[in-house]
């Protein structure tokens, strides 16, 4: 084993904590947190201990593959593969137009440079429509963020007096730097409060000062009841609302008449608990709120996102230390509304993304503008999108499908060609999530450009090189 510790970052979670690894040949044998990393400061969750399963998975690809009529694959050389993949897309483009070529993926948790490479190929092909895993659950929140604030916002939990988690268990899913130490710090400080809204008794809920254990699917009633208490007891930051908001009278009027007791009962909660939690949020000097998949993939998800954001908007907890703010590494276009809609169903495109659950509907039809080809990169929609059977049927109905990935995924098995990429530890890569914090008091934004710690696996190419070769022929 090589005794030298090599610095890199975890790519199995959006935070990309700084880590150090020890190698034994091509295997990653030991992993520890990098104490000098500006954002994670030595913290690394259990996911980082498993990166060798990603790096050396049994399904790693080592040669371009062409799908045979009998369902098996034949290895081909790179020149042949690139030439035939380019020809496949050009055939579709020349007959049906570039808009018929659909792009899915463009960077996982820690390889965001891929998105830029993929955009170049899309422009060369005239591809118009795209999607990725964010469109499975995040587009509703993106839309609300854009309509309310013009951008995505991020909480500052290390410095918040009150931390509120809605459908979120950061003890396991993290979501912000040093999640477990931060949760312990909040729970052990008598001047700080942890509030969890979740039907499950999670690890985070066990630590909470207030666990609002709602009935599944009733989050909107709970959130609305909290807001109703705030307005009816005159707890919002009136100066903030007057000076920094528009058209607030309508929502304040609705909340003023909201039957708090009835809504609390519908959510399976005592009115007293709801009122106590609302008052504690309202009187805090700083509040950070985090919603996640627990409400984003449940009933009334977009309404939940709107009500969740009113918790900090009505109390003026925006743009100050310990509260919610715009992280500078997140662009203004996250929830951008477009007049463009999907070509078949006319579904609204949010943040530039076609909603994942309608993708099969945009393929399995006789509509002349249907998608007819697909480039899938660093993604596996057959496995991750709802109704895998129909997604697989849609891929089989396309005239041409190519996949760029490091492994033989379920989606790759449906492709006409599979192009093997280097892993994220075999080439230069980066993430733009960073440490999304706000004030000078805090850690600040960070950006980690990861150098390769291993040579590329023979037979693979970096995504940048794959796209360069495709563009030269398109």
In this structure, does residue 430 turn out to be out of contact with any strand residue (DSSP E or B) (no Cβ under 7 Å at 6 or more places or on another chain), outside the structural domain of residue 469 (by TED's automatic domain parsing) and at pLDDT below 95? no
In the set 403, 382, 344, which member is in a strand (DSSP E or B) and in the same structural domain as residue 123 (by TED's automatic domain parsing)? 403
Where in segment 94-187 are the helices (runs of 4 or more DSSP H), entirely inside, with at least 1 residues that are more than 20 Å from the chain's Cα centre (by Cα), in contact (Cβ under 8 Å) with a residue 40 or more places away in the chain and farther than 30 Å from residue 248 by Cβ? 113-125
Across (1) crowded, with 18+ Cβ neighbours inside 10 Å; (2) in a strand (DSSP E or B); (3) modelled with pLDDT of 95 or more, residue 66 clears everything bar (1)
With the condition kept exactly as written, say whether any residue in segment 243-258 is outside any helix (DSSP H, G or I), surrounded by fewer than 14 Cβ atoms within 10 Å (Cβ to Cβ) and in contact with a helix residue (DSSP H, G or I) (Cβ under 7 Å, 6 or more places away or on another chain). no
For segment 85-104, name all the residues that are in contact with a helix residue (DSSP H, G or I) (Cβ under 7 Å, 6 or more places away or on another chain) and either within 21 Å of residue 463 (Cα to Cα) or at pLDDT below 95 (or both). 85, 86, 89, 101, 103, 104
Would you mention how many residues in segment 26-51 are within 15 Å of residue 14 (Cβ to Cβ) and outside any loop (DSSP other than H, G, I, E, B)? 3
Which of (1) under 24 Å from residue 355 (Cα atoms); (2) modelled with pLDDT of 95 or more is the odd one out, the single condition residue 418 does not satisfy? (1)
One residue is enough: does segment 132-142 have a residue meeting the conditions within 27 Å of residue 279 (Cβ to Cβ) and in contact with a helix residue (DSSP H, G or I) (Cβ under 8 Å, 6 or more places away or on another chain)? yes
Is it true that some residue in segment 188-208 is at positive phi, assigned by TED's automatic domain parsing to the domain that holds residue 169 and surrounded by fewer than 21 Cβ atoms within 10 Å (Cβ to Cβ)? no
From 307, 299, 293, which residue is in contact (Cβ under 8 Å) with a residue 12 or more places away in the chain, within 29 Å of the chain's Cα centre (by Cα), within 30 Å of residue 133 (Cα to Cα) and surrounded by fewer than 14 Cβ atoms within 10 Å (Cβ to Cβ)? 299
Residue in segment 214-234 that is surrounded by 20 or more Cβ atoms within 10 Å (Cβ to Cβ), under 21 Å from the mean Cα position of the chain (by Cα), in contact (Cβ under 8 Å) with a residue 24 or more places away in the chain and not in a helix (DSSP H, G or I) present: no
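The values are calculated or read from the model by the stated rules, or taken from the named source; none is laboratory data. Predicted model only: the values in this text are computed from it and were never measured. Methodologically, a virtual Cβ is constructed for each residue, glycine included, from the backbone with ideal geometry; neighbour enumeration extends over all protein chains shown.
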